[in-house]
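Chemist: Supplied in structure tokens, the structure appears directly below.
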Amino acid sequence: MIPLDSLGEWLRARFPRRASPQWWQALFESVESAVSPLRNVDRSQRISDLKISAVAAILAVERRDIDASLGAYWLLRLAAAAVRLDLPVSELPVVLTPDGSAAWALDHVPLPRDEAVAAAQSRRGQYLAADESFFAPVGSPYDSVSQEPDAQALALRGVERILSALPWIADRLTNPEIRREVQAWLAIEGQL
């Protein structure tokens, strides 16, 4: 087991440039599986696994291995797992409590609400007005399709990713300010 304070060094030694998002996804899925209530694992081991996953998620974002919305998604998902396991919040990192994970996610939403709604309306308009040239040709090799999504489309995807995870902890929020902000975001979800 890698000590928490050595995780950054361990990552730099093994992945000097970056670790792929798929590697991180596998790591977080592995932790989620390891802390499952279906496994016969004691509470202290679950808490230890969750702590390392929280540090890992934040490191992955800081290293720019994954985008912040994916880090937020996993912190919310792991916080929801901690809630399901009824783990005491006093023994968890703040970012794995409902309020802490929601606050972290809200700090990393890539667009303000009004811009997210405008971007979604723009995207919807593009889809409605699109002809065949808008879509990748069927049967073409993947590498021949080189059109990358624009920054606004990527940001909107990030917003949607975070919004998909907020409901998992929304009912457990105790901070009124965070609760209001989460509810405001969830209220526009249907417009995206």
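The values are calculated or read from the model by the stated rules, or taken from the named source; none is laboratory data. Quick caveat, the model's predicted, so the values are computed rather than measured. We place every Cβ from the backbone using ideal geometry, glycine too, and count neighbours over all the protein chains shown. Each accessible area value is taken on the protein alone, full model and side chains, heavy atoms only, with ligands, DNA and RNA left out. Shrake-Rupley method; radii C 1.70, N 1.55, O 1.52, S 1.80 Å.
Chemist: Any idea which of Leu38, Leu11 is touching a residue at least 40 places away in the same chain (Cβ under 8 Å) and among the aliphatic types (A, V, I, L, M)? Can you show your working first?
Modeler: On the way: Leu38 fails: touching a residue at least 40 places away in the same chain (Cβ under 8 Å).
Exactly one residue qualifies, and that residue is Leu11.
Chemist: Out of (1) closer than 28 Å to Pro110 by Cβ; (2) open to solvent by 10 Å² or more (accessible area, probe 1.4 Å), what's the single condition that is false for Ala72?
Modeler: Unmet for Ala72, out of (1) closer than 28 Å to Pro110 by Cβ; (2) open to solvent by 10 Å² or more (accessible area, probe 1.4 Å): (2).
Chemist: Filter the stretch 104-120 for residues that are among the hydrophobic types (A, V, I, L, M, F, W, C), closer than 18 Å to Ser53 by Cβ and open to solvent by 30 Å² or more (accessible area, probe 1.4 Å) and give the result.
Modeler: Trp104, the sole residue that qualifies.
Chemist: For residues in the stretch 16-31 being at pLDDT below 90 and among the charged types (D, E, K, R), which is nearest to Asp67 (Cα to Cα)?
Modeler: Arg18
Chemist: Are any of the residues in the stretch 15-29 open to solvent by 50 Å² or more (accessible area, probe 1.4 Å), at negative phi and touching a helix residue (DSSP H, G or I) at 6+ places or on another chain (Cβ under 6 Å)?
Modeler: There is no residue in the stretch 15-29 that is open to solvent by 50 Å² or more (accessible area, probe 1.4 Å), at negative phi and touching a helix residue (DSSP H, G or I) at 6+ places or on another chain (Cβ under 6 Å).
Chemist: Same structure again: Quick one: which helices (runs of 4 or more DSSP H) lie wholly within the stretch 64-150 and hold at least 2 residues that are at pLDDT below 90 and out of contact with any Gly (no Cβ under 7 Å at 6 or more places or on another chain)?
Modeler: Working: elements: 68-84, 98-107, 113-129.
Helices (runs of 4 or more DSSP H) meeting the threshold: 113-129.
Residues are listed down the side, and each one gets a yes or a no for (1) closer than 16 Å to Trp74 by Cβ; (2) of a type in the set (Asp, Glu); (3) at pLDDT 95 or above; (4) not in a helix (DSSP H, G or I):
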position	(1), (2), (3), (4)
Gln152	no, no, no, no
Ser164	yes, no, yes, no
Ile169	yes, no, yes, no
Glu181	no, yes, yes, no
